[in-house]
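First up is the structure itself, then whatever we jot down about it.
The values are calculated or read from the model by the stated rules, or taken from the named source; none is laboratory data. As the structure is a computational prediction, the values presented were derived from the model and not from experiment. Quick reminder, even Gly has a Cβ in these numbers, built from the backbone with ideal geometry, and neighbours come from all protein chains shown. SASA here: full protein model, heavy atoms, side chains in, ligands and nucleic acids out. Shrake-Rupley method; radii C 1.70, N 1.55, O 1.52, S 1.80 Å.
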Amino acid sequence: MDDILLRIKKDKVYHELNGKSIRKVGQVFTKKEKISLKELSDEIENRTVKCPECSNVMANLGHDFKAPKISAKKEWEIIKGLYRIGKTFFSCGCDGTGYIPQNEIDYKDYLEKVFSDYEDSIKFYQNSTPEEYPDKIERINYWSQKKLKIKTELKTLK
């Protein structure tokens, strides 16, 4: 919502419902209207969206998520696993969504690589000084939690 208001203030061009434009108007939204806009924005962001096929609640996998075919059960299992470990499909558009494993063997290899990367991150922070990273413990805990998710996911594959 704040983004919308900032853009309106920056452009200084406001549109009425009848299609006319008003320029350089001080305050377009009243306090009540701002509250209504905030409520609407919150409602949209926090709504529960159900799958049109099965009526189960859908997860927000990101703007760049491309759903596999309904019949591609193995691909859906990989997507579910990626979601469990925290992988979503949001990007700025520069690099896309990154690598997405296509089969169970690739998925296992991907998890093992990510697990190794997380271990390296933990070792890096363990070998650093508190002067370099005052929040060293929080960083180690962060990577340890992510590593634990990967370990749990790897166990489901065996």
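Say each of Glu112 and Lys50 gets a label point 7 Å from the Cα, pointing the same way as Cα to Cβ; how far apart are those two points in nm?
4.3
Listed here are the pairs Lys74/Lys151; Lys50/Lys113; Lys74/Lys113; which of them are more than 26 Å apart at the Cα?
With Cα atoms farther than 26 Å apart: Lys50/Lys113.
Please tell me which of these pairs span more than 21 angstrom C-alpha to C-alpha: Lys69/Lys147; Lys38/Lys80; Lys80/Lys158; Lys73/Lys147?
Lys69/Lys147; Lys38/Lys80; Lys73/Lys147
Give a residue-ordered list of calculated ³J(HN,Hα) values for the stretch 115-125 (Karplus: 6.51 cos²θ - 1.76 cosθ + 1.60, θ = phi - 60°; whole Hz; x for Gly, Pro).
Here the 3J(HN,Hα) series is 4, 4, 4, 5, 4, 4, 5, 5, 4, 4, 6 Hz.
Report the net charge of residues surrounding Ile105, where surrounding means a beta-carbon distance below 14 angstrom and charges are Lys +1, Arg +1, Asp -1, Glu -1.
Charge balance in the 14 Å sphere: -2.
Test of the criteria: in the stretch 79-158, which GluC sites (Glu not before Pro) are in a DSSP loop and have at most 10 other Cβ atoms within 10 angstrom of their Cβ?
Glu131, Glu132
Please arrange Phe90, Phe65 by accessible surface area, largest first, computed with a 1.4 Å probe and ligands excluded.
Output order, biggest surface exposure first: Phe90, Phe65.
If you place +1 on the Cβ of every Lys and Arg, -1 on the Cβ of every Asp and Glu, and leave all else neutral, what size is the dipole of the stretch 39-158 about its Cα centre, to the nearest 20 Debye?
The dipole of the stretch 39-158 has a size of about 680 debye.
Mind giving me the FRET efficiency for Ala59 and Ser91? R0 is 22 Å, r the Cβ-Cβ distance, nearest 0.05 is fine.
Calculated value: 0.80.
Compute the length gained on full extension between Lys34 and Lys73: take 0.36 nm times their separation in residues and subtract their Cα-Cα distance, giving the result in nm to one decimal.
9.5 nm
Put Cys92, Cys54 in order of accessible area, largest first, 1.4 Å probe: what do you get?
The ranking, largest first, comes out as Cys92, Cys54.
Quote the charge dipole size of the stretch 119-158 about the Cα centre in Debye, to the nearest 20; the model charges only the Cβ of Lys and Arg (+1) and of Asp and Glu (-1).
420
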